[in-house]
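Okay, so here's the structure we're looking at.
The values are calculated or read from the model by the stated rules, or taken from the named source; none is laboratory data. Note that this is a predicted model, so its numbers are computed, not measured. For neighbour counting, all protein chains shown are included, and Cβ atoms are generated from backbone atoms with ideal geometry for every residue, glycine included. We work out accessible area using only protein heavy atoms, side chains counted, and drop any ligands, DNA or RNA first. Shrake-Rupley method; radii C 1.70, N 1.55, O 1.52, S 1.80 Å.
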Amino acid sequence: MLGQDSHNEYLRTNRWVLWLFGCLLVLLLFRLSVLQILKGDAFFHYSTKNQIRQEYVPALRGMLYDRHGHVLVDYRFRFDVVVVPQYLKQPEKVLKLLSTLLNQPMSTLKSDYLKKKKGKPRFQAIPIARDVSQEVVAQIEVQKKFYDGLDIQMTPMRHYPYGAVFSHVLGYVSEPTTADFRKSKNHLMIQGEELGRDGLERVADEQLRGTHGVQYIRVDAHGRRIEHADGSFMNWVRPVAATPGHTLHTTLDVDVQKTLYEGLKKHRGAGVVLEIHTGRVLGMVSTPNYNPNTLGMNWHTLSRKADYPLFNRVVQGVYPPGSTFKVFSALAALQEKIITPEHTITCKGSYQLGRKKFHCWKEGGHGKVDFEKAVLASCDVYFYHFSKVMAMDRLAMLARQFGMGRMLGIELLNENRGLIPDTKWKKKTYGERWQTGETLNVAIGQGYVSTTPLQLASAYATLLNGGTVFRPYLIEQERDVDGKLIRANGPKVIRRVQLDPGHIGLIVRGMIKAIETSDGTGFSYRDASLKIGGKTGTAQVRAFSPEDLYSSCESLPPKERHHGIFAGFWPTKHPKYITIVVKEHGCSGSSAIPIAQAVFRTLKKQKQVAKAEGN
Amino acid sequence: MWIRVFKSLDVLLLVPLLGLMTISLMSIHSATVSEVSTGLSAIAKTQMIYAMLSLAAALIISRISLTTIQRLSPLVYVGLGGTLLWVLFFSPEIAGSRRWLFFWGYRFQPSEFMKIALILFLAKSMQAIQPFERVGLQRILGPLLLISVPSCLILLEPDLGTAGVVATIGVLIVLLCNIEKRLLLGAVVLGVISLPAAYQFGLKPYQRARVIAFLNPQKDPLGSGYNAIQSMIAIGSGRLAGKGYLKGTQSHLDFIPEQQTDFIFSAFAEEWGFLGSLLVLILYACIFIRIYTLAASGPNAFASIFCLGYAIALALQVGVNIAMVSGLLPIVGVALPFMSYGGSSLLANWTAIGICLGIKRQQRLFEVNEMI
């Protein structure tokens with residue numbers, strides 16, 4: 001057939017179709033053999049990596065205990081709403097859901113998300129809302145399979161069972177900021193980890209933090225966890241368990257701290273309790289304070305408050321010590337042999353130095369005053385008398401030996417040095433010569449002199465223990481999670497001061513009489529069942545003219561009222577504990593006595609309980 | 001009568017085809033099965049129904065005489081051309097393009113059928129040209145017009161991939177004629193010159209992004225290049241013998257996009273490895289060779305040109321699809337004939353197979369006639 005012959009020509013003239021097909025076949029076979037045989041293992045590795053997501057497991061932060069083994073911090077689980085950018089396919093849809101669930105405008109959520117996302121890897125979950133309610137958690141768990149990239153993350157969170165009681169001394173934690181991530185070079189910081197921000201949490205952050213672990217989960221292309229994963233993929237990976245941070249056993253005492261806090265919480269001020277023979281800090285309170293459990297959210301408001309709740313007044317606050325400083329002036333005068341214990345003066349209510357009149361705090365004066373009475377009744381004129389002939393530099397040297405005017409090295413940040421002035425300092429700062437009148441002021445704890453409550457506590461402890469300056473400390477022991485001792489701190493002697501036991505006895509007797517005798521400044525607060533000793537101090541906030549010097553402090557505007565300071569010790573026989581209480585604008589030092597008494601009562605009860613248990 | 005129908009069928013063509021259909025159904029099931037339900041996945045079931053309908057359609061078409069088909073081809077071509085226009089104006093936009101015709105709750109992709117209609121009409125319009133005849137421009141002007149109309153309509157949907165495939169199939173079929181050398185040379189030169197201009201002005205931004213992603217998929221591994229990379233990982237991770245049926249992680253964990261349609265080969269190759277890929281390619285080669293030899297023994301020029309044309313179309317689509325999923329070509333929406341999920345592509349391809357079966361049957365009739 002002609003037709004058939006002629007159309008077969010199509011094949012004869014078009015062999016290229018066959019060639020084309022052959023080449024295509026070879027090309028595809030070549031490509032497939034490259035992918036599947038030559039690079040097969042590499043691609044197999046990628047496909048394995050694809051479905052395995054490496055996740056960091058935050059290490060639990062180390063625990064903190066008080067000196068009796070009471071737990072000071074624990075954990076609580078928090079639910080956060082997170083978005084994983086890597087899997088986010090429909091941001092608008094997810095935003096809309098979150099906007100309704102969290103009751104927040106979409107624009108806020110969006111800008112917040114974009115800000116947090118910046119500079120972080122795509123696989124990292126970005127927290128959108130912290131600590132959401134159970135209802136929100138339930139809603140998202142139900143709906144998340146329709147919203148790629150949306151998830152709920154459960155995070156253990158530091159919890160402070162005592163709330164505000166330990167605020168400044170323990171500090172608080174918060175999650176790392178972008179700046180923290182940038183700063184952390186040698187330590188891999190991870191989301192969900194908490195960083196210590198203040199107090200012991202901050203200072204001992206590295207010990208408390210622990211080492212994060214690594215875990216692997218199987219995910220699908222949308223980043224959803226495959227719950228029924230058979231576990232065989234675990235052959236390819238090696239999870240690492242997180243190592244919890246070290247445990248710190250502190251010197252703090254829950255009962256003491258609570259008592260101190262109860263006494264101070266309605267005022268502005270500071271309180272600190274030290275063990276006289278070791279330097280252990282049993283309690284430390286600064287008010288106003290903050291609740292570390294919620295601080296992360298309120299930081300900006302708190303940091304702008306006028307009364308500085310974030311500020312630890314015990315170590316950062318400086319106050320004129322007022323009459324509490326007199327024991328050191330008296331000691332200096334005895335040591336310099338300017339006065340003898342028997343030396344007597346007459347106080348008429350004021351003292352004339354040149355053209356200037358120096359007033360006693362008591363209008364009309366104390367009458368005949370010897371050394372003991374000068375201490376117990378806190379007679380200013382007695383101190384003016386001998387200060388006229390005392391070299392300021394000698395007094396300053398003694399104060400510094402006792403630890404004032406320099407840092408004590410407690411495990412807290414931003415310790416203030418305070419100020420112990422001397423002639424050199426005056427020359428350097430003001431370019432002027434030291435005036436005798438200024439020595440008179442310093443001797444009664446006014447003028448240039450300023451100390452922190454902690455320095456005052458340490459100085460009193462030194463006096464009461466016979467001259468040993470201990471470094472005040474908070475961390476007794478550091479142990480790892482298995483209880484193995486890593487580091488033990490004991491009492492650390494900074495220096496020993498040569499003191500005459502006779503002088504100390506005189507001063508201590510004066511301080512006991514200050515509370516126990518009717519002439520004493522603290523007699524009105526005497527508690528017959530609890531014998532304590534102490535020294536009151538009233539520090540003027542500003543200079544007063546002679547006319548309003550004796551007017552009632554309560555009539556002054558709150559900001560101009562005197563600070564009330566009390567330094568008390570217990571027991572009277574062999575003093576063991578020193579308590580310093582500062583009530584800002586509290587008018588008188590004696591008003592701070594009940595707080596110290598409450599502390600000592602607590603300690604006394606503890607001792608009785610221990611004794612009873614011992615029997 | 002049925003015995004006669006079956007006897008007239010071409011076993012050498014049908015056996016590899018049925019093999020591919022089996023592989024296809026298995027792979028679609030694997031790609032779409034959910035972990036909780038048992039039995040065949042819903043999508044695999046649907047495809048099974050499509051497959052049976054298509055097979056029936058092929059058998060019916062194989063009974064139609066070539067003359068009738070030849071006579072009907074312009075009508076089918078015009079009808080489908082009208083449908084493409086309709087789609088362009090009246091179909092809802094899905095993911096940025098209008099490709100689908102909705103019909104009683106089902107959707108059809110007229111462009112799939114247009115491929116076959118175009119081959120038929122080209123065969124009809126070219127059958128008068130003698131193979132040894134030198135052909136100038138005016139003799140192929142008609143066929144070129146036939147190619148450009150559907151190509152342009154599909155391009156406007158917009159569906160660059162299918163338009164390119166349709167145009168390429170058409171041009172390759174026209175090349176079956178003995179065209180003047182200087183005409184070919186001129187066309188090549190013109191093509192090379194216009195290519196950059198077409199890239200700049202003819203492509204939409206997302207299409208340009210695809211081309212860039214193809215040239216450098218690692219540049220944005222989670223963006224445009226994501227699909228290409230995940231597909232390559234799937235194929236490659238199958239290694240020699242595959243991960244085992246239903247054990248492909250890339251497909252079961254949703255890393256492969258469109259795994260039951262355009263990317264069915266990736267899902268298959270992951271589970272069956274290089275050996276499986278080889279088998280599929282061999283099956284396609286068998287089908288190609290069979291249709292190619294049918295062209296040689298066809299009863300007339302129309303049949304021969306159709307067989308060659310369809311063989312070219314099949315090879316091109318298989319080639320483009322596998323090249324695309326294995327990272328040799330940019331991701332353009334070209335289905336893998338007989339493997340990808342989708343009724344339109346399956347029915348269109350089986351229609352062509354039906355015609356081939358008819359050619360085979362009628363060639364035997366001719367032989368019988370000759371013997372008498």
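Here are the numbers for the structure shown:
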| quantity | calculated |
| --- | --- |
| Accessible surface of B:Cys286 - all protein chains present, 1.4 Å probe, nearest 10 Å² | 60 Å² |
| Net dipole in debye of the stretch A:250-291 [+1 Lys, Arg Cβ; -1 Asp, Glu Cβ; about Cα centre; nearest 20] | 220 debye |
| Helix A:254-264 vs. chain A, principal-axis angle (Cα, 0 to 90°, nearest 10) | 70 degrees |
| Cα long-axis angle, helix A:326-335 against chain A (0 to 90 degrees, to the nearest 10) | 60 degrees |
| Peptide B:117-130 - average C-beta neighbours from other chains (10 Å radius) | 1 |
| Candidates B:Phe121, B:Phe302, B:Phe274, ranked by Gaussian network fluctuation over chain B, Cα under 10 Å, top entry | B:Phe274 |
| Charged-residue dipole, Cβ positions (Lys, Arg, Asp, Glu), the stretch B:133-214 about Cα centre, Debye nearest 20 | 200 debye |
| Per-residue [θ]222 nm for chain B (sum of -39500 (n - 2.57) over DSSP H runs n ≥ 4, rounded to 500) | -23500 deg cm²/dmol |
| Leading residue at positive end of dipole, the stretch A:254-614 (Cβ point charges), from A:Ser323, A:Asn293, A:Met397 | A:Met397 |
| Cysteines (scope chain A) whose Cβ has no counterpart Cys Cβ under 4.7 Å | A:Cys23, A:Cys347, A:Cys360, A:Cys379 |
| Unsatisfied cross-links (Cα-Cα over 20 Å) in the set A:Lys118/B:Lys204; A:Lys388/A:Lys513; A:Lys373/A:Lys535 | A:Lys118/B:Lys204; A:Lys388/A:Lys513 |
| Carbon/sulfur fraction of accessible area - chain A, other protein chains in place, 1.4 Å, % | 53 percent |
| Shielding score for B:267-277, defined as the mean number of other chain Cβ atoms within 10 Å | 3 |
| Ordering of B:110-119, A:519-528, A:479-488 by packing [mean C-beta count within 10 Å, highest first] | B:110-119, A:519-528, A:479-488 |
| Axial C-alpha extent at least 24 Å, average Kyte-Doolittle at least 0.5 - helices from chain B (DSSP) | B:11-32, B:42-62, B:66-90, B:137-155, B:181-197, B:264-297, B:301-325 |
| Selected from A:Val214, B:Gly96, A:Thr602, residue furthest toward positive end of dipole (the protein assembly as shown; charges at beta carbon) | A:Thr602 |
| Loop-exposed GluC sites (Glu not before Pro) per DSSP, neighbour cap 11 Cβ within 10 angstrom, longest uninterrupted part of chain A | A:1-226 |
| Principal-axis tilt of helix A:106-117 within chain A, Cα atoms, nearest 10 degrees | 90 degrees |
| DSSP beta bridge pairing in the protein assembly as shown, given as percent antiparallel to the nearest 5 | 95 percent |
| Inter-label distance for B:Gln207 and A:Lys117, nm, one decimal - labels placed 7 Å from Cα along Cα-to-Cβ | 3.0 nm |
| Cα convex hull volume per residue for the stretch B:25-180 (Å³) | 157 Å³ |
| Unit charges at the beta carbon, dipole of the protein assembly as shown: most positive-side option, A:Val240, B:Gly161, A:Ala443 | A:Ala443 |
| Global geometry of chain B, whether rounded, prolate or oblate, following the gyration tensor of its Cα atoms and the 1.5 cut on a/c | oblate |
| Reachable lysines from A:Lys49, criterion Cα separation under 21 angstrom, eight or more residues apart if same chain | A:Lys39, A:Lys89, A:Lys120, B:Lys219, B:Lys243, B:Lys247 |
| 20 Å Cα-Cα threshold exceeded, pairs from A:Lys573/A:Lys604; A:Lys357/A:Lys583; A:Lys492/A:Lys576; A:Lys573/A:Lys605 | A:Lys357/A:Lys583 |
| Solvent exposure, largest accessible area first (probe 1.4 Å, DNA, RNA and ligands not counted), of A:Lys116, A:Lys337 | A:Lys337, A:Lys116 |
| Peptides B:100-107, A:73-80, B:317-324 ordered by average Cβ neighbours within 10 Å, highest first | B:317-324, A:73-80, B:100-107 |
| Reachable aspartates and glutamates, given that their alpha-carbon falls under 13 Å from the alpha-carbon of A:Lys93 and they are not under 8 places away in the same chain | A:Asp148 |
| Peptides A:571-582, A:493-504 ordered by average Cβ neighbours within 10 Å, highest first | A:571-582, A:493-504 |
| MRE, 222 nm, helices only [DSSP H, n ≥ 4, -39500 (n - 2.57), over chain A, to nearest 500] | -10500 deg cm²/dmol |
| Most mobile of B:Pro205, B:Pro257, B:Pro196 in a GNM of chain B (Cα contacts under 10 Å) | B:Pro196 |
| Total charge dipole magnitude, the protein assembly as shown, about the Cα centre, Cβ charges on Lys, Arg, Asp, Glu only, Debye to nearest 20 | 1920 debye |
| 10 Å Cβ neighbours from other chains, averaged over peptide B:242-253 | 3 |
| Eligible lysines near B:Lys7 by straight Cα distance, threshold 23 Å, same-chain separation 8 or greater | B:Lys360 |
